[in-house]
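Notes for the one structure printed next.
The values are calculated or read from the model by the stated rules, or taken from the named source; none is laboratory data. Predicted, not measured: the structure shown is a model, and the values here were computed from it. Glycine gets a Cβ as well: all are built from the backbone with ideal geometry, and neighbour counts include every protein chain shown.
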């Protein structure tokens, strides 16, 4: 979230699209009803299903799953056409006036530079035209045909109401109402917030779904202001922290990059990731990259990181391909992987294409499962009727199941969606011999050190060098000492740092994760603070926990004022330039020693300091979003460009294309979702949750049910190209067929909480059906829009 | 107090008892037994482990902090001081004590030997030793020090890791250091999911 949960109360319009907060984030949704009751806010819900959030909405519009980009680009067109644009904001704080290279093109669904064979783009043309100093050229008159504003207008011009309705199935009259409500926030004294979750990310163009919404928010001037923002409602309690910790195949903690084969040495690496300013007078905060990175290497390798060995740079593994879990499970399936650790994840229920995942696990030499619960993953080798049809004697995998603690049995910090780092305390010992993950991994590492010392082996140096010496007990690093390490210390004085502005690139500071700097200073644990006072009344509680970065509660908050430092809306004042100084209720997201005009580039992480309508080379499938059909399209064509139906830049691993079904064989759209009673596959092990929602089902509309002779509660078989499952039918009015491109499209919905080894009734897990094809950037699988067939069946 | 006053007081007390016997006790007195129960408990602050709203929790456990008294959590409720949830919890959060005390918790390190159909309890030491052995054999055999261009790449692709999105940051950082020092590239979280 750029903003935070309580800030939702400041919104005038709340848009829930690509999520269902009332169901999946119920207590956070309380701030939506707060805004409706006390700020006269309107709630807009756009979803394929009339869900629990929709039940409270002022305005609900259905759309076909996988068509959000068409919906949002149509909204951009409407805003521009009706002049419901915050022009002052757009002129000051976006790249609307920047000129794009002459060789940039968009034709028939493809941007310039596409290579058919590799399914990738040569992105050279997706860039600004630069002047002789290397700065981007701009045209303040907005007359240049290739300035971003004119390119954007041209790009969205195709998305008129009829075209949008034809693709999305949203009736034009519903669409107009949504457009008008959201458009009403283009004025300075109104703001809209967008709340989204997996409903936007679980698509082959998930990142572009979110980009499309960001375009809307930039047009309306809604980013960096109270009650606005781009607000991802994250899933797991600490998935924000896990992402901050860089637990992804190409990341290091603090959104630094794991080097790849082209980063041949430290200086090349630093040059590749330290951007040069694209406009004069920029903060360009990533210019500090070397300070963040060298300090992190000091934290990784301790005294073993020296200038002489390039701070241990060579010890870091370099990647040649994106080894995300889909790719790695594919490698496992092809026999190229021997060992796998599964830590706190029920992989066999969570990964797309369960049958393939099961076959892949069977090929492992060893599997280590670390979990507080007896998951299906840990017993993948056990036969469980048709739910897990295997022969244990044929599976040669050595499986270890290691009991771990859970939240109540360990201390530490977890980070909520609003970037709040909250400290928690241990309330009891875990059952039996369970241990925290940190203790388990340290135990294995110490054994590895012993083995390498005794026997030698390949490259033992990093295993010996990795900094465990700083922990009081190398067999069990405590949360407190690791938290201090994450904050960072001055190695000369031994003192905790106050802020990442103190980091150095000469090895004299150590810091595990630069964005966490300030969370544990010489004054103590800032994450454990519990002063809940909100003196401004705007929901900003600077004394409660610590909000990264720098205890800042609203990101990009420089954009809440005009270039002269005057708040756009006095009632929404975050910061204000007054008597030669900045004053306000939040920590400024800029150098607060600079006067207004010199700091008037709120997006300080960008080398040009502005919000991007045109995203340059950032994303795989284009600098503007474009509507592409899901990989499995119920209409089998793209009405905008029939030759480019789905995202041209998705990765298709060998053999995966054959696992995709067509709309002639599998005519119905299937979407997965969560229920309020359950959290993924954990609560199926909790008695109360298991009683309140004891089994899974498939939700379908009345017309489809009648056509198939299916009554409420009947057993049905749902099948995709990848597999089939049996479950019970839930026939509701919440789903309605939509008229799309001349045909009626039916959507069915599947809750994702099935399991066969829990306290709930034994159920199939919905990933029997889902496809592993993912977003072209993130590889998040398309769980929200794939094709199935459905038929009445005999029960189990 | 003289004898007369004493009788008066007794009569008063009897009346009060009679009122309480009739079920006319005031509200505060009715709530007293519950307060009394929690007063004996130890209160620990925590945050909900499910979604990312990060609701504040109060966890109540038995145990006097004495050396031989084992704490056990018997009740979890919302923290009224917390500025986001203000004491509220959703149906999942309200049932958290069933997660802590789930009958399906793992208790001991176990191994399932290749081709068999059962778990075997092992010690932590055996678990660490056997896992380290398997890892080292795989790493030594498959570690890639240089790519075909001769660039140092130091990666180990034949083992991977799916990491937790529920453990605290500190465990996450230890996980990261553990994985990268061994040369693991294929680490991922459920953030993609």
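Listed values, structure above:
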item	result
Some residue of the stretch B:99-116 being touching a residue at least 24 places away in the same chain (Cβ under 8 Å), surrounded by 20 or more Cβ atoms within 10 Å (Cβ to Cβ) and over 30 Å from residue A:32 (Cα atoms)	yes
In the stretch A:213-242, the residues that are closer than 19 Å to residue A:324 by Cα and more than 9 Å from every other protein chain (Cβ to nearest Cβ)	none
Given (1) closer than 30 Å to residue B:82 by Cα; (2) buried (at least 24 other Cβ atoms within 10 Å of the Cβ); (3) free of Cβ contacts under 8 Å to residues at least 60 places away in the same chain, number of the condition residue A:402 does not satisfy	(1)
Of all residues making up the stretch A:301-315, the number that are out of contact with any helix residue (DSSP H, G or I) (no Cβ under 6 Å at 6 or more places or on another chain), under 24 Å from residue B:172 (Cβ atoms) and within 11 Å of chain B (Cβ to nearest Cβ)	1
Test for residue A:280: is it away from chain B (no Cβ under 14 Å) and either closer than 28 Å to residue B:148 by Cα or surrounded by fewer than 22 Cβ atoms within 10 Å (Cβ to Cβ) (or both)	yes
Residue tally, condition touching a residue at least 12 places away in the same chain (Cβ under 8 Å) and within 7 Å of chain A (Cβ to nearest Cβ), over the stretch B:127-155	7
Matching residues in the stretch A:99-139 - criterion: being under 28 Å from the mean Cα position of the chain (by Cα) and not in a loop (DSSP other than H, G, I, E, B)	A:106, A:110, A:111, A:114, A:115, A:120, A:121, A:128
Exclusive hit being surrounded by fewer than 20 Cβ atoms within 10 Å (Cβ to Cβ) and at pLDDT 95 or above, set A:327, A:318, A:334	A:334
Enumerated helices (runs of 4 or more DSSP H) restricted to the stretch A:418-505, each holding at least 1 residues that are more than 30 Å from residue A:553 (Cβ to Cβ), in contact with a strand residue (DSSP E or B) (Cβ under 9 Å, 6 or more places away or on another chain) and within 11 Å of another protein chain (Cβ to nearest Cβ)	A:437-455, A:461-465
Matching residues, the stretch A:526-554, being away from chain B (no Cβ under 12 Å) and under 24 Å from residue A:484 (Cβ atoms)	A:526, A:549, A:550, A:551, A:552
Matching residues, the stretch A:321-348, being more than 7 Å from chain B (Cβ to nearest Cβ), under 26 Å from the mean Cα position of the chain (by Cα) and farther than 17 Å from residue A:774 by Cα	A:332, A:346, A:348
Total residues in the stretch A:654-686, condition away from chain B (no Cβ under 14 Å) and part of a loop (DSSP other than H, G, I, E, B)	11
Residue in the stretch A:396-403 that is outside any strand (DSSP E or B), more than 7 Å from every other protein chain (Cβ to nearest Cβ) and modelled with pLDDT of 95 or more present	no
Number of positions in the stretch A:296-344 that are in a helix (DSSP H, G or I) and at positive phi	4
In the stretch A:690-712, residue surrounded by the most Cβ atoms within 10 Å (Cβ to Cβ) [restricted to those that are within 11 Å of another protein chain (Cβ to nearest Cβ) and without any contact (Cβ under 8 Å) to a residue 60 or more places away in the chain]	A:692
Helices (runs of 4 or more DSSP H) within the stretch A:1-98 that include 1 or more residues within 20 Å of the chain's Cα centre (by Cα) and touching a residue at least 12 places away in the same chain (Cβ under 8 Å)	A:21-24, A:26-38, A:68-81
Residue A:386 vs. criteria at the interface with chain B (Cβ under 8 Å from one of its Cβ atoms) and surrounded by fewer than 21 Cβ atoms within 10 Å (Cβ to Cβ)	no
Where residue A:583 falls short, out of the listed (1) in contact (Cβ under 8 Å) with a residue 12 or more places away in the chain; (2) out of contact with any helix residue (DSSP H, G or I) (no Cβ under 6 Å at 6 or more places or on another chain)	(1)
Selection within the stretch A:243-268 - surrounded by fewer than 23 Cβ atoms within 10 Å (Cβ to Cβ) and more than 10 Å from every other protein chain (Cβ to nearest Cβ)	A:255, A:256, A:257, A:266, A:267, A:268
Residue A:444 being closer than 29 Å to residue A:314 by Cβ, surrounded by 18 or more Cβ atoms within 10 Å (Cβ to Cβ) and free of Cβ contacts under 8 Å to residues at least 12 places away in the same chain	yes
Among (1) within 13 Å of chain B (Cβ to nearest Cβ); (2) free of Cβ contacts under 8 Å to residues at least 24 places away in the same chain, the one test that residue A:576 misses	(1)
Test result for residue A:726, under 29 Å from the mean Cα position of the chain (by Cα) and not in a helix (DSSP H, G or I)	no
